[in-house]
Amino acid sequence: MFFDNASTTKLDEDLIDELKNLNEEFFYNPGGLYSKSRNVKKQIEDDRKKIIECLGGESSDNFVFTGSATEGNNLAIMGVLRKNFTKMLFSMGEHPSVYNTALELKNRGYNVEFITLDKTGKVDLDDFKNKMTADVDFVSIMHVSNETGAINDICSLVEIAKGVNEKVIFHSDGVQAYGKIDVDVSTLGVDMYTISAHKIYGCKGIGGLYIKKGVNLKPIIFGGGQESGLRSGTENYMGIHIFSKVVERAKNDLLKNSNLVKLLKLKFIEKLSSTSLKYSLHSYDDNSPYIVSVSFDKCRAETLLNMLNDNMIYIGNGSACSSKNSGNRILQNMGVPKDGVEGNLRISFSKHNTVGEVEKLVDCLSLCVGDYLSKAR
C-alpha cells in the first residue's frame, strides 16, 4: 500500500497505452523540418495552450516545459535574477529546490531574507508585512506545503506585495496545489507558477513554469534555443502530451478526487484517535487533505518507516528531495519540539487509495508503534 503520494504518484493506467501509441506515431524530433516533425511541434504548442488554459492564464502568457519542477523553480529564480536586485524574499517553508537556490544566492552576496512560519505551517503574515518593503524585487512563496499540506493565501500575499511595490515579481511553487485545490493563476495574481506532472498521475521527467506576459526571463540552460530560447534541449513530447492530459484531468476531476481524499483523511484521523497511541498532528483542518503530518511520542520516524516497509506499507517522512537530511526545517520553524521532529511521518493520499487501505495503515501503525515502544523499554 502506497501512502507517499506527495513524493510521486502512479501513472494513470490508460496513459501507458497512449505512451506506446505516441512512441509509434510521434517519436520525431520537433526541431526537424519535415512534415512529421512539424506535426509534433504543432502538438506541443496545442498542449502548451491547453495547460495555460487549465491554469487560468491568458493566451498571451507562456508556459515553459522543463525536465522537472525543480528545474522550473530554478528557472523562475535564476532566470529572473538581475545584478541590480536589492532584496529577495523566500519563505522558510519552501521545497529544497527553492530554499537551497535562495541559500546559493545568499552565498553569492545577494540580499536574501527568509519569512518565518506560524505554528500552522503557513507564512507568518506579520513577518511578511515587515519584510515586504519597497526595495523587494522578488518573492517566492509556495502555495501548498509539501511537508504538512498548509495552504498559503497566495492571492492576499500577492496583493500585499504588489501594494508595496507594484513591480515586484511574485513566484509560487504550486506542485502540491494544482489538481488538489482550486488554482487560477489570474485570480492568484502570480507572475510565475510551477507545476509537475508526476504529482498528478503523469510521467516523471516533465514539469513546467507558467510565466505571465511581461515577465522577462533569461535561460539557465543553453543550447539549441528550444522553448522560445528559455529551455534548450530536444522537447520531451511524449511527456509533454501526457502532462497536458493529466493537467486537464486534474482540473476536471478536482471535486471528485478531493471529496474522496477528504474522506480518507477523516477516516485516518478518526481511527487514529480511537487507538491508545500518543501522537501529535502537524496538519490542520484548513490544510490540503492530501497530506497529514503526524509524530508519534518516543519514536524515531526512520525505524517506523522500516517497520511499515516490512509490512509492505510505504510512507514518507518529508520531502523525498531532502529525506536523507537530518531534522526537518519546516517543522522546526513551526515550533515543533525535537522529539516531534524525530518521530514525524508524512502520510499522503491519492485517488487510488481506499478506506480499507487507510484502516489497515492505522492498524499496522498501532502494532508497529507498540512493538517499537516495548523494545525500547
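The values are calculated or read from the model by the stated rules, or taken from the named source; none is laboratory data. None of the values given here were measured: they were computed from a predicted structure. Virtual Cβ from ideal backbone geometry, glycine too; neighbours counted across all protein chains shown. Please note that ligands, DNA and RNA were not included when accessible areas were found on the heavy atoms of the full protein model with its side chains. Shrake-Rupley method; radii C 1.70, N 1.55, O 1.52, S 1.80 Å.
Numerical summary
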{"item": "For the range 185-262, diffusion coefficient by Stokes-Einstein and Kirkwood Rh (Cα), 10 °C, 1.306 mPa s, µm²/s", "result": "111"}
{"item": "Kirkwood-Stokes translational diffusion coefficient of the range 91-220, alpha-carbon pairs, 10 °C, 1.306 mPa s, µm²/s", "result": "104"}
{"item": "Residue among Glu248, Glu235, Glu58 with the largest mean-square fluctuation in a Gaussian network model of the chain, springs linking Cα atoms under 10 Å", "result": "Glu58"}
{"item": "Cα centroid of the range 76-150 to Cα centroid of the range 342-377, whole Å", "result": "34"}
{"item": "Given Lys122/Lys351; Lys265/Lys375; Lys278/Lys375, the pairs whose alpha carbons are separated by over 20 Å", "result": "Lys122/Lys351; Lys265/Lys375"}
{"item": "Å³ per residue enclosed by the Cα convex hull of the range 136-205", "result": "94"}
{"item": "Residue-normalised accessible area of the range 95-141, expressed per residue, 1.4 Å probe, Å²", "result": "45"}
{"item": "Rounded accessible area of Arg300 (nearest 10 Å², 1.4 Å probe)", "result": "120"}
{"item": "Estimated FRET transfer efficiency (Asp126, Glu45; beta-carbon r; R0 30 Å; 0.05)", "result": "0.10"}
{"item": "For the range 87-168: relative contact order, % (alpha-carbon pairs under 8 angstrom, 6 or more apart)", "result": "33"}
{"item": "Two-site label geometry, Asp285 and Lys106: point separation in nm, points 7 Å out along Cα→Cβ", "result": "3.6"}
{"item": "Two-decimal log10 I(q)/I(0) for the range 190-331, as the Debye equation yields it once each C-alpha is a single scatterer, q = 0.12, 0.15, 0.19 Å⁻¹", "result": "-0.76, -1.04, -1.30"}
{"item": "Rounded accessible area per residue of the range 237-313, 1.4 Å, Å²", "result": "49"}
{"item": "Relative pair counts by distance (%), Cα atoms of the range 1-50, 10 Å bins", "result": "22, 33, 28, 14, 3"}
{"item": "Aspartates and glutamates whose Cα lies under 13 Å from that of Lys256, excluding same-chain neighbours fewer than 8 positions away", "result": "Asp182"}
{"item": "Sulfur and carbon atoms: percent of accessible area, the range 54-180 [1.4 Å]", "result": "47"}
{"item": "Projected area, mean over directions - the chain, Cα convex hull, nm²", "result": "19.1"}
{"item": "Sequence of Phe63, Phe114, Phe222 from largest to smallest accessible area, 1.4 Å probe", "result": "Phe222, Phe114, Phe63"}
{"item": "Percent accessible area from carbon and sulfur atoms, the range 206-311, protein chains only, probe 1.4 Å", "result": "47"}
{"item": "Expected 222 nm ellipticity per residue - DSSP helices of 4 or more, -39500 (n - 2.57), all of the chain, to 500", "result": "-13000 deg cm²/dmol"}
{"item": "Under 5 Å, built H, 5+ apart or other chain: amide partners of Gly316", "result": "Arg346, Ser348"}
{"item": "Glu270-Glu25 FRET efficiency (beta carbon distance; Förster radius 56 Å; 0.05 resolution)", "result": "0.70"}
{"item": "Whole-number accessible area per residue in Å² for the range 29-72, which is evaluated in the context of all protein chains at 1.4 Å", "result": "48"}
{"item": "Highest-fluctuation residue, Cys203, Cys54, Cys364 considered, GNM on the chain with Cα pairs under 10 Å", "result": "Cys364"}
{"item": "Distance cut-off 19 Å, percentage of C-alpha pairs in the range 1-94 lying past it", "result": "67"}
{"item": "The range 108-173: trypsin sites (Lys or Arg not before Pro) falling in loop per DSSP and having at most 11 other Cβ within 10 Å", "result": "Arg108, Lys167"}
{"item": "Percentage of interatomic Cα-Cα distances in the range 225-298 larger than 16 Å", "result": "67"}
{"item": "Max mean-square fluctuation residue, GNM over the chain, Cα-Cα springs under 10 Å, options Asn74, Asn39, Asn216", "result": "Asn216"}
